[in-house]
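We did not get these values from a lab; they are worked out from the coordinates using the rules stated. Predicted model only: the values in this text are computed from it and were never measured. Cβ coordinates were reconstructed from backbone atoms using ideal geometry, including for glycine residues, and neighbour counts include every protein chain displayed.
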Amino acid sequence: MPKAILYRMDLPNYTCGYGTAARDLLRQQNYDIEEHILRTRRETDAFKDKHHITTTPLIFIDGAKIGGFTDLKKHLKAKKPNTKRFWKR
């Protein structure tokens with residue numbers, strides 16, 4: 001089972017929808033998820049400064065930095081083989 005590390009923001013008054021969407025997508029794809037929840041604005045800002053990013057979530061798969069939710073969708077689509085062939089050329 002592939003392993004993913006997910007950093008996402010879940011503040012007392014705000015939960016990042018892209019973070020929960022990334023978690024759900026990884027679960028659908030049967031990833032083993034190590035989830036790190038950023039619970040304060042200070043913790044979130046320090047994390048973003050450390051990793052030179054402007055938004056969360058941040059996803060790593062098997063040690064490789066993937067990026068945010070949109071990057072995750074692109075990465076997973078690229079890994080899937082194209083199985084929808086209706087005819088051969």
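Please order ILE33, ILE66 by the number of other Cβ within 10 Å, starting at the fewest.
Details: ILE33 13, ILE66 21.
Result, fewest neighbours first: ILE33, ILE66.
Just subtract the alpha-carbon distance of ASP71 and ALA21 from 0.36 nm times their residue separation and send over the number in nm, one decimal. All intermediate terms of the calculation are to be shown ahead of the outcome.
Details: separation 50, 0.36 × 50 = 18.00 nm, distance 1.24 nm.
Once the chain is fully extended between ASP71 and ALA21, it gains 16.8 nm.
Could you tell me whether the stretch 6-70 comes out rounded, prolate or oblate from its Cα gyration tensor? Rule is a ≥ b ≥ c as square roots of the eigenvalues, rounded for a/c under 1.5, then prolate if a/b exceeds b/c, otherwise oblate.
Numbers: a/c = 2.05, a/b = 1.35, b/c = 1.52.
Here the stretch 6-70 falls in the oblate category.
If each DSSP helix of 4+ residues adds -39,500 (n - 2.57) and the sum is divided by the residues in the chain, what number results at 222 nm, nearest 500 deg cm²/dmol?
Numbers: 3 runs with 34 residues, N = 89.
Estimated from H runs of four or more residues: -11500 deg cm²/dmol.
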